[in-house]
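Read-outs throughout are calculated quantities, based only on the coordinates presented, and are distinct from any laboratory measurement. Source: prediction; values computed, not measured. Using ideal geometry, Cβ is built from the backbone for each residue, glycine included, and neighbour counts are taken over all protein chains shown.
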Amino acid sequence: MASKVLDRHEELLTITLRKSELLQSVAKHLDDIKSNPVFVDEVNDAFMDLDDEESALLIERLTTIECPGCAFECDQIHTYCMVCGTKLHDDKFRGTN
């Protein structure tokens, strides 16, 4: 996670600045926003969109591989199948004896 933050620091900083601008705008117009449920929904949606954008930069999508022993979908980062114990990265299962 730390490496993703460092690698994407400029994009994350931009999103943080946009969140800050949104919150500053909300603070300036709080009475108008609170009195209109449509504004509340729009602000909430805008903030959640920024939050989703930020999360998409940080979430690591795990790649899965099929276990050669039992066909269970295992995370590629594992060495052995969590179901049957077969070694996942064994060359004999890749046809490269």
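Summarising the label geometry, the points placed 7 Å from Cα in the beta-carbon direction at SER35 and CYS84 lie 6.8 nm from one another. Think of each Lys and Arg Cβ as +1 and each Asp and Glu Cβ as -1; about the Cα centre, that makes the dipole of the stretch 2-58 roughly 220 debye.
SER55 to LYS28: extension gain in nm, 0.36 nm per residue of separation minus the Cα-Cα distance?
Numbers: separation 27, 0.36 × 27 = 9.72 nm, distance 2.71 nm.
Contour length minus Cα-Cα distance gives 7.0 nm.
Under 5 Å from the amide H of THR64 lie the amide H atoms of GLN76, each residue being 5 or more positions distant or on a separate chain, with H modelled from the backbone and absent for Pro and chain starts.
Residues whose amide H lies under 5 Å from that of THR86, counting only those 5 or more places away or on a different chain, are CYS81; hydrogens are built 1.01 Å from N in the peptide plane.
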